[in-house]
Amino acid sequence: MKRRVLIISIFLLLLILLGFTVLRWCNRPPCRGRECVFTVEKGWGARRISQVLADSSIVRCRLYLLWRYSRMDNSPSLQAGIYRLDDSMSPDSILGILARGEVIPVETDWIMLAPGQTLNRSLDVISESTGIARSELDSISTDSSFLAFSGLQSLEGYLFPETYEFADTLEAVEILRKIVETGKTRWPEGTDELLENTGLTLQETMILASIVEREARADSERAVIAGVFLSRIRIGMKLESCATVQYALGEVKEVLLYSDLEIDDPYNTYVYQGLPPGPICSPGLPSIYASFQPDTVEGYLFFVSRDDGTGKHLFARTHAGHLSNIRSLTGR
């Protein structure tokens, strides 16, 4: 009996020593001088990551790595990205790097989109900043599936003006999609209620915002100018926006001729009533907010630039008042 107990004790001791040796072996880095750039794809879990690391000979045993992962506090998510790893790292060190997301710094491109730019100019800027062929951007911007996915009729007006930093490995479609989505996240809260108050659709609001962007200079006047155009729409009065004529002409003229105001184009709001078919530029945030909440309290229907370097305007409720404002500026 004593001999049996002794044999079992020795067996258990050997088993413990064997287990301890195996654990030490699994924990010890391979140290074969192997280094690799390791990519963790989106959606990969710990099992997939451990298998690929073992296949890459960065760790000795995937099951040991999984066990060490289960011992980490709260089992943190292992972040997607590109890492530089080598086989001198311990399993715990590798897990720590993946959990903290210590990815390899990537080269980035900076894109600066200014308010008031047309789609054509914005695509030029993106192409110049990233090296992506303009033809590729044009193709994506008119692709029906891309527009449908983004919930848009056209990209005009929706390339939100901001300074962006993108990894230079990002594809063109991802860049355009991120710019559009950034703009949507900037819209004011409660858009459905705001649209109900103005009676405009979301698309019409963005069209209005693009006109306000090109007509207004002072942020303090944007809501009032939006109110002027909304009031005109409500009473069936033509918008008569010079900015829409410039869009129809395809150029910004310092002075528009009377012949310019007569061109037969749906974007010419001196000829056609209501809003034009689409936005005329990408509006900035102040113009977007102003168009979601136009100021119609004073009932203004007209405005004219003070032309004094301030960017501000004189407003009037009647045509007679508008003419009086013009006379006060010209001295006639």
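Data table
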quantity: Distance between modelled label sites at GLU240 and VAL304, nm, 7 Å Cα→Cβ extension; calculated: 1.1 nm
quantity: Average accessible area per residue (Å²) across the chain - probe 1.4 Å, nucleic acids and ligands excluded; calculated: 57 Å²
quantity: Surface accessible to a 1.4 Å probe, GLU196 within the full protein complex, Å²; calculated: 150 Å²
quantity: Estimated vicinal HN-Hα couplings, Hz - the stretch 148-159 in sequence order (Karplus 6.51, -1.76, 1.60; Gly, Pro = x); calculated: 5, 4, 7, x, 10, 8, 7, 7, 4, x, 10, 8
quantity: By accessible area with a 1.4 Å probe, ligands and nucleic acids excluded, highest first: order of ILE288, ILE97; calculated: ILE97, ILE288
quantity: GluC sites (Glu not before Pro) restricted to the stretch 55-148 and DSSP loop, no more than 13 other C-beta within 10 Å; calculated: GLU102, GLU107
quantity: Calculated FRET efficiency for the pair ASP219/ILE82, C-beta based, R₀ 51 Å, to 0.05; calculated: 0.75
quantity: The stretch 38-119: trypsin sites (Lys or Arg not before Pro) falling in loop per DSSP and having at most 12 other Cβ within 10 Å; calculated: LYS42, ARG71
quantity: Equivalent ellipsoid, the stretch 87-192 (semi-axes from 5 times Cα gyration tensor eigenvalues, Å); calculated: 32, 18, 14
quantity: For PHE302, distant residues with modelled amide H under 5 Å away; calculated: ALA316
quantity: Cα-based shape type of the chain, given that a ≥ b ≥ c are square roots of the gyration tensor eigenvalues and the cut on a/c is 1.5; calculated: prolate
quantity: Relative contact order, percent, the chain [alpha-carbon distance under 8 Å, six or more residues apart]; calculated: 14 percent
quantity: Of the DSSP H helices in the chain, those whose Cα atoms cover at least 30 Å axially and whose Kyte score averages -0.5 or more; calculated: 2-27
quantity: Reduced Cα scattering model of the stretch 35-99, Debye log10 I(q)/I(0), q = 0.17, 0.23 Å⁻¹; calculated: -0.49, -0.96
quantity: Shape call, the stretch 204-332: gyration tensor on alpha carbons, a/c limit 1.5; calculated: rounded
quantity: Fraction of accessible area attributable to carbon and sulfur, the chain (%, probe 1.4 Å); calculated: 52 percent
quantity: Radius 12 Å from Cβ of ARG48, net charge of other residues (Lys, Arg +1; Asp, Glu -1); calculated: +1
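The values are calculated or read from the model by the stated rules, or taken from the named source; none is laboratory data. All figures in this text were calculated on a predicted structure; none of them were measured in a lab. Cβ coordinates were reconstructed from backbone atoms using ideal geometry, including for glycine residues, and neighbour counts include every protein chain displayed. Ligands, DNA and RNA are stripped out before the accessible areas are found, and what is left, the full protein with its side chains, is counted by its heavy atoms. Shrake-Rupley method; radii C 1.70, N 1.55, O 1.52, S 1.80 Å.
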